[in-house]
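The values are calculated or read from the model by the stated rules, or taken from the named source; none is laboratory data. Nothing here was measured: the structure is a model prediction, and the numbers come from that model. All Cβ positions, even for glycine, are placed from backbone atoms using ideal geometry, and neighbour counts span all protein chains on display. Surface accessibility is based on the protein's heavy atoms, side chains included, excluding ligands, DNA and RNA. Shrake-Rupley method; radii C 1.70, N 1.55, O 1.52, S 1.80 Å.
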Amino acid sequence: MLFEFKNNEQSYLRWLRKHPLGFVMNTRRSPDPAYTVLHKALCHTVRRYPNMETNPGGFTENAYIKISADSIEELRAWVKSIGRSDGSFSKECEICKPYWRQK
């Protein structure tokens, strides 16, 4: 099941804890087909702010939102719905390499 997190940091962080094998796509507040970055749910870049005390709201309340799902295929369908007709992502996280587990 796919979840869109906008203005809801606590629900997003709770989803991450409950779905450690899931995937997260980062996109701009107004979903942008040119910026759809895929991560594993365990990736520290989508779990922790560089400084948790000074960056509140950085995941879903400021410039970005998160789309989360248990499978990459669910996220592919979402990116198709916003204009990436081939279902690809603009980038795969270089740190967590989400496709390594999926292939």
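Among the residues that make up the stretch 36-55, is at least one of them more than 17 Å from Ala77 (Cα to Cα), small (Gly, Ala, Ser) and without any contact (Cβ under 8 Å) to a residue 24 or more places away in the chain?
No - not one qualifying residue is present in the stretch 36-55.
Would you call Ser90 open to solvent by 70 Å² or more (accessible area, probe 1.4 Å) and out of contact with any His (no Cβ under 8 Å at 6 or more places or on another chain)?
Working: open to solvent by 70 Å² or more (accessible area, probe 1.4 Å): no; out of contact with any His (no Cβ under 8 Å at 6 or more places or on another chain): yes.
No; evaluated as a whole, the condition is false for this residue.
Of the residues in the stretch 14-29, how many are closer than 15 Å to Phe59 by Cα and touching a strand residue (DSSP E or B) at 6+ places or on another chain (Cβ under 9 Å)?
Residues meeting the conditions: 9.
Among Pro20, Pro31, which is within 21 Å of Ile82 (Cα to Cα) and not hydrophobic (A, V, I, L, M, F, W, C)?
Sole residue among the options that is within 21 Å of Ile82 (Cα to Cα) and not hydrophobic (A, V, I, L, M, F, W, C): Pro31.
With the requirement that a residue be closer than 16 Å to Arg48 by Cβ, touching a residue at least 40 places away in the same chain (Cβ under 8 Å) and open to solvent by 60 Å² or more (accessible area, probe 1.4 Å), what does the stretch 60-78 give you?
Glu61
For the stretch 16-28, which residues satisfy the criterion of being open to solvent by less than 70 Å² (accessible area, probe 1.4 Å) and over 11 Å from the mean Cα position of the chain (by Cα)? Before the answer, list the steps.
To start, the set of residues in the stretch 16-28 that are open to solvent by less than 70 Å² (accessible area, probe 1.4 Å) comprises 16, 19-20, 22-27.
Hits for the stretch 16-28 are His19, Pro20.
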